[in-house]
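Note sheet for the following structure.
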């Protein structure tokens, strides 16, 4: 998995979503070349490592045009850009969209995310 190179970050929100714990990080410093607005990390049970990351990445001005932020999903078998939007700079919008993606990917149809912090 090509996971984000997080050096420091602050947890902003935490959810319980079925058997998963979901944490949204902000104020992220990384050792890769990506400027993260938010990172959502999804952990199953007591596994110490996240199995899924969803990121909101700031786009450099040269690449801007359709939105200032790219959303990417990173899983064990690779990563994929899901789209671009100016709205993903807002934690509410990012959290709702990312939780919907997690629900679909993990098939958590009968589960509701419970915000813990």
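The numbers here are math on the coordinates, done by the rules we state, and not lab data. Treat the numbers as computed from the prediction; the structure is a model and nothing was measured. Note that each Cβ is placed from the backbone with ideal geometry, even for glycine, and that neighbours are counted across all protein chains shown.
Taking a point 7 angstrom from the Cα of residue 10 along the C-beta vector, which residues in the range 29-47 have backbone N less than 15 Å away?
In the range 29-47, the label zone of residue 10 (backbone N under 15 Å from the point 7 Å along Cα→Cβ) covers 29, 37-39.
Subtracting the Cα-Cα distance from 0.36 nm times the residue separation, let me have the gained length for residue 100 to residue 19 in nm, one decimal.
Between residue 100 and residue 19, full extension yields an extra 27.6 nm.
Pop the C-beta distance of residue 49 and residue 93 into the FRET formula with R0 = 35 Å and round what comes out to the nearest 0.05.
Efficiency, rounded to the nearest 0.05: 0.80.
Exposure proxy check: 91, 74, 24 ranked by fewest other beta carbons within 10 Å?
91, 74, 24
Going by C-beta contacts inside 10 Å, put 79, 33, 60 in order with the fewest on the left.
Ascending number of Cβ neighbours within 10 Å: 33, 60, 79.
If neighbour count is taken as other Cβ atoms inside 10 Å, put 7, 43 in order from fewest to most.
Ranking 7, 43 by Cβ neighbours within 10 Å, fewest first, gives 7, 43.
Angle check, please: helix 91-105 long axis (alpha carbons) against the longest principal axis of the chain (alpha carbons), in degrees 0 to 90, nearest 10.
60
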